[in-house]
Amino acid sequence: QVQLAESGGGLVQPGGSLRLSCVASGHIFSYGMGWFRQAPGKEREFVGSINWKIGTTLYTDSVKGRFTISKDNGKNTVYLQMNSLKAEDTAAYYCAVSRTGWGVTVSEYDYWGQGTQVTVSS
């Protein structure tokens, strides 16, 4: 069993930065971890992911060059550094763990955190 806890969300002005953290309990060394977001009235969408073992990352096009995923194996923590934030980045952000890969679809992920709200507004 894996449990996830996100933190770091908040209110930020357009162009600003935030760093989200996701702390995982349980053995996740062979897993993939992803970040998703969901805005009100919209479906949950893929943001990015990382292979826990080899560190390969994947991003959706709308965040490439602005968001960076990194990990700290010793702390069982994955980070989502978000720079140059835009109003359209406003959403609840979720981290998730997949036992099979680090893909882009919600159904690939087996464990989910409770989410942290990011609001980009002036």
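Data for the structure
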quantity	calculated
Gain on full stretching of the segment that runs from Asp72 to Ser107 - 0.36 nm per residue minus C-alpha separation	10.1 nm
Additional length obtainable on full extension of the chain from Thr56 to Ser84, 0.36 nm per residue less Cα span	7.8 nm
Contact order normalised by residue count of the range 69-119, Cα under 8 Å, 6+ apart, percent	33 percent
Chain lengthening between Lys42 and Ser25 when straightened (0.36 nm per residue, less Cα-Cα)	3.2 nm
Computed magnitude of the charge dipole of the range 27-70 (debye, nearest 20; Cβ of K, R +1, Cβ of D, E -1)	80 debye
Probe 1.4 Å, accessible area per residue of the chain, Å²	50 Å²
Pairs of Lys in the chain closer than 20 Å at Cα, counting only those 8 or more apart or on different chains	4
Computed over the chain: relative contact order in percent, which uses C-alpha pairs under 8 Å that are six or more apart	36 percent
Projected label distance in nm at Arg99 and Thr119, using a 7 Å step from Cα toward the beta-carbon	3.8 nm
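The values are calculated or read from the model by the stated rules, or taken from the named source; none is laboratory data. Remember, it's a predicted structure, so these values are computed and weren't measured experimentally. As a convention, Cβ positions derive from the backbone with ideal geometry for all residues, glycine included, and neighbour counts pool all protein chains shown. What goes into the accessible areas is simple: the full protein's heavy atoms, side chains included, and nothing from ligands, DNA or RNA. Shrake-Rupley method; radii C 1.70, N 1.55, O 1.52, S 1.80 Å.
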